[in-house]
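The values are calculated or read from the model by the stated rules, or taken from the named source; none is laboratory data. Computed from a prediction, not measured in an experiment: that's the story for all the values here. Using ideal geometry, Cβ is built from the backbone for each residue, glycine included, and neighbour counts are taken over all protein chains shown.
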Amino acid sequence: MSEVFDAVPNEIFLGGIWKRGTGATTSVIDPSDGTVLQTVDNAVTHDVDEAVLRGTAAMSDPQWRNMLPHNRARYLHRIADAVETNSKRLAVLQSFNTGKSLTETRGLVASAAGTFRYFAAVLETADQDLTTPRGNYLTMSIHEPIGVIGAIAPWNSPVASDAQKIAPALAAGNAVILKPAEWTPLVSLALARLIDESGLPAGLLSVLPGRGSVIGDAIVRHPGVGKVTFTGGTTTGRTLAHIAAEKLMPISLELGGKSPTIVLDDADVDLAVNGVAYGIFSSTGQSCVAGSRLFVDESIHDDFVEKLVAKTRSLRVGPGRASETQVAPMVHHRQRDSVAQYVDLARQEGGTVLCGGCVPQDPALADGAYYLPTIISGLSNDAKACQEEIFGPVLVVLPFRDQEDLVAQANDSVYGLASGIWTGDYKRAWALARLLQAGTVWINTYKQFSISTPFGGVKQSGLGVEKGRAGISAYSRQKSIYWGLDEQPNPWAD
C-alpha cells in the first residue's frame, strides 16, 4: 500500500508548481472500512486567480500558441504513455479512494490513456474548413483556443472523467484548471504529477482540490475563465449555467439521469437478466447512466423479475480490491445513507423491496459504506424513487402493456441521458430507439463506451456533447476568414 500513496502529492498543483494549499484540509477515506487514506491540502480562491494568470500566460506563449497540431499531439502521447506505465498503481489508488472494484478501475485507467491517445490522433488528422464561397472570394473557417478552461470533475470515475476534459482542451490549445471532487482528489493529483513529469509546458494545467461551493464557484465566476465543463448533479449544473449565462460564457454540462431499461417480450431472457443487473449494479449504481428504471413487458414480467432477483442475490458484495467482488462499497458513508433514505421513502410510497434494501449483515463489512443491491416493485412511475436520481444500487421495476404505454412511461422524466433495449427484433429496436428521449441508446448491451462516439444528454441531463472528433471543437472558437479576389470588391466606395 505504501508504494501506492508515496507518489501521491498532498499539495495543490498551481500552474506547474507544487505548493502547500492554505485552505482547510480534507481527510480522504477508504470507503471499504472508513479509515483515513491521506490528508489533502485544499486551495483557496486566490489560488484560482494565480492559476488563471499562469494558464493565460502559458497558452499565449508563442511556443504553445503557434505549435503545429501534430507537435501538440506528442504531448498527449507522452501523457498516455505515463498513464499506461503507471496503470497498476493508478487503478489500485482509485480503488482505495472510490471503493470501486479493481476490474472497473483498471478499465477506467485504460480509458484515460486511450482518451489522450485518441485526441492526439484527432490532432494528427484535423483539418480546417474551406467553405463554399458565394461570391468572388475565398472563405475559410478555422478553430482557435478559447483560453483557460475550468474543468469540474465528479467523484464516481475521476481518472477517466479527468482525461475526457483535459485531453480535448489541451488538444485545442487551451490551458486547464481541474477541480477534482472533494471526496476523491487522490487520482487527480497523481495524474497531475504524471502530466507534469511528461513535460507539458508549465502553466497549462492546474489541479485545485477544495469544496465545490468555494473553489468550483470561484473558477466558474472568474472573468479569465473562458469555458467551464462540469460533470455532476443537475441542481449544481443549473446553478453553474446561470453563472455562465451572466458571463455569456459557453458551458458543457453532463448531469443526472434516471435511465430506463426496457425488456421486450422477445428478448433473450438470460442475456437481458445479466445485462440489466450489470447496467444498474456495476459501479454500485454510482453512474449517471445507470439503468435505474426497468420496464418489462407484462407478459413476461413475473418470470423475468424472479430470475433477476435470484441473479441479484447471488452478486458478491465486498471490498473493491478483492478479486471476487462484483458490488463494491459506495464512495462515502454519506452517499450510502442517502441511498438508504430513498429506499425507506420507496417503502413509504407503497413499494415492495424484493431483495436488498439494507446494509450487509456481514461483520467484516460493518465499517464500510456498503449497501446491498436492491430491487423494488409495486411503485408507479410518478413515485419519487422512479423520478429522482438515487445514484446507488437501487432498481425500480415497472410493467408495461404496449409500446405506447412504454414510451409514455419511459419518457416521463425530467432526465434524458441514456436508455437500454433488450429484444431479438432489430426493427422493433430501431423504431423504439428513435422514440426514446435520450442521448444514448444501448441495444442488447449496456454501459459500453467509446471515446470516438459522441456522448451527451437531453432535457435536464445536460448541455453539449463530449467525446468524438468534434470533442476538440467544443473547446475551440470558430473564426471565419474572407479572402477577396475582385480588383474592386466594394464598388460602393468608388
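Among the residues of the range 196-255, count how many are among the hydrophobic types (A, V, I, L, M, F, W, C) and on the phi > 0 side of the Ramachandran plot.
Total satisfying the criteria: 1.
Would you check if there is a residue in the range 268-288 being in contact with a Phe, Trp or Tyr (Cβ under 9 Å, 6 or more places away or on another chain), without any contact (Cβ under 8 Å) to a residue 40 or more places away in the chain and either under 18 Å from GLY424 (Cβ atoms) or not assigned by TED's automatic domain parsing to the domain that holds LEU417 (or both)?
Yes, the conditions are met somewhere in the range 268-288.
Determine whether VAL263 is crowded, with 24+ Cβ neighbours inside 10 Å, aliphatic (A, V, I, L, M) and over 19 Å from the mean Cα position of the chain (by Cα).
Details: crowded, with 24+ Cβ neighbours inside 10 Å: yes; aliphatic (A, V, I, L, M): yes; over 19 Å from the mean Cα position of the chain (by Cα): yes.
Considered against the rule, which asks whether it is crowded, with 24+ Cβ neighbours inside 10 Å, aliphatic (A, V, I, L, M) and over 19 Å from the mean Cα position of the chain (by Cα), VAL263 comes out as yes.
Considering the range 68-96 alone, what residues qualify as being assigned to a helix (DSSP H, G or I) and more than 16 Å from LEU194 (Cβ to Cβ)?
Here is the first cut: in the range 68-96, the ones assigned to a helix (DSSP H, G or I) are 69-85, 87-96.
Within the range 68-96, PRO69, HIS70, ASN71, ARG72, ALA73, SER95, PHE96 qualify.
Mind checking which residues of the range 338-352 are within 16 Å of LEU398 (Cβ to Cβ) and charged (D, E, K, R)?
Listed by number, the list holds a single entry, GLU349.
State whether the residues of the range 171-190 include one that is at positive phi and assigned by TED's automatic domain parsing to the domain that holds LEU53. Before you say what the answer is, go through the steps one by one.
Initial filter on the range 171-190 (at positive phi): 173.
Those left that are additionally assigned by TED's automatic domain parsing to the domain that holds LEU53: 173.
Yes, the conditions are met somewhere in the range 171-190.
Got at least one residue in the range 3-15 being under 26 Å from the mean Cα position of the chain (by Cα), acidic (Asp, Glu), assigned by TED's automatic domain parsing to the domain that holds LEU191 and closer than 18 Å to LEU205 by Cβ? Spell out the reasoning first.
If we filter the range 3-15 for residues that are under 26 Å from the mean Cα position of the chain (by Cα), which is where we start, we get 4-5, 7-15.
Retained after the next criterion (residues that are acidic (Asp, Glu)): 11.
Now narrow it down to the ones that are assigned by TED's automatic domain parsing to the domain that holds LEU191: 11.
Restricting the remaining residues to those that are closer than 18 Å to LEU205 by Cβ gives 11.
Scanning the range 3-15, I find at least one residue that is under 26 Å from the mean Cα position of the chain (by Cα), acidic (Asp, Glu), assigned by TED's automatic domain parsing to the domain that holds LEU191 and closer than 18 Å to LEU205 by Cβ, so the answer is yes.
Taking the condition in contact with a Leu (Cβ under 8 Å, 6 or more places away or on another chain) and either surrounded by 24 or more Cβ atoms within 10 Å (Cβ to Cβ) or touching a residue at least 12 places away in the same chain (Cβ under 8 Å) (or both), does PRO250 pass?
Working: in contact with a Leu (Cβ under 8 Å, 6 or more places away or on another chain): no; either surrounded by 24 or more Cβ atoms within 10 Å (Cβ to Cβ) or touching a residue at least 12 places away in the same chain (Cβ under 8 Å) (or both): yes.
The answer is no for PRO250.
Taking GLY439 as meeting all but one of (1) free of Cβ contacts under 8 Å to residues at least 40 places away in the same chain; (2) touching a Ser or Thr at 6+ places or on another chain (Cβ under 8 Å); (3) within 19 Å of TYR278 (Cβ to Cβ), write down the number of the exception.
(3)
Of all strands (runs of 3 or more DSSP E) completely enclosed by the range 128-220, which ones contain at least 1 residues that are farther than 27 Å from VAL4 by Cβ and modelled with pLDDT of 95 or more? Lay out the reasoning, then the answer.
Working: elements: 129-131, 137-145, 148-152, 175-179, 205-207.
Answer list for the range 128-220: 137-145, 148-152, 175-179.
In the range 333-369, which residues are of a type in the set (A, V, I, L, M, F, W, C) and over 18 Å from ILE280 (Cα atoms)?
The initial filter retains those residues of the range 333-369 that are of a type in the set (A, V, I, L, M, F, W, C), namely 339-340, 343, 345-346, 353-355, 358-359, 364-366, 369.
Scanning the range 333-369 gives LEU345, ALA364, LEU365, ALA366.
Out of all the residues in the range 225-241, is one or more touching a Lys or Arg at 6+ places or on another chain (Cβ under 8 Å) and not in a strand (DSSP E or B)?
The answer is no; no qualifying residue exists.
How many residues are farther than 28 Å from ALA120 by Cβ, buried (at least 16 other Cβ atoms within 10 Å of the Cβ) and out of contact with any His (no Cβ under 7 Å at 6 or more places or on another chain) when one looks only at the range 30-84?
The number of residues fulfilling the criteria is 12.
Considering the range 97-127 alone, what residues qualify as being among the hydroxyl-bearing types (Ser, Thr, Tyr) and either under 18 Å from LYS165 (Cβ atoms) or in a helix (DSSP H, G or I) (or both)? If you could, list the steps in order and put the result at the bottom.
Applying the first criterion (among the hydroxyl-bearing types (Ser, Thr, Tyr)) to the range 97-127 yields 98, 101, 103, 105, 111, 115, 118, 125.
Listed by number, the residues that qualify are THR98, THR103, THR105, SER111, THR115, TYR118, THR125.
Just to check your reading of the model, which residue among VAL52, VAL122 is over 29 Å from THR284 (Cβ atoms), touching a strand residue (DSSP E or B) at 6+ places or on another chain (Cβ under 9 Å) and of a type in the set (Val, Ile, Thr)?
VAL52
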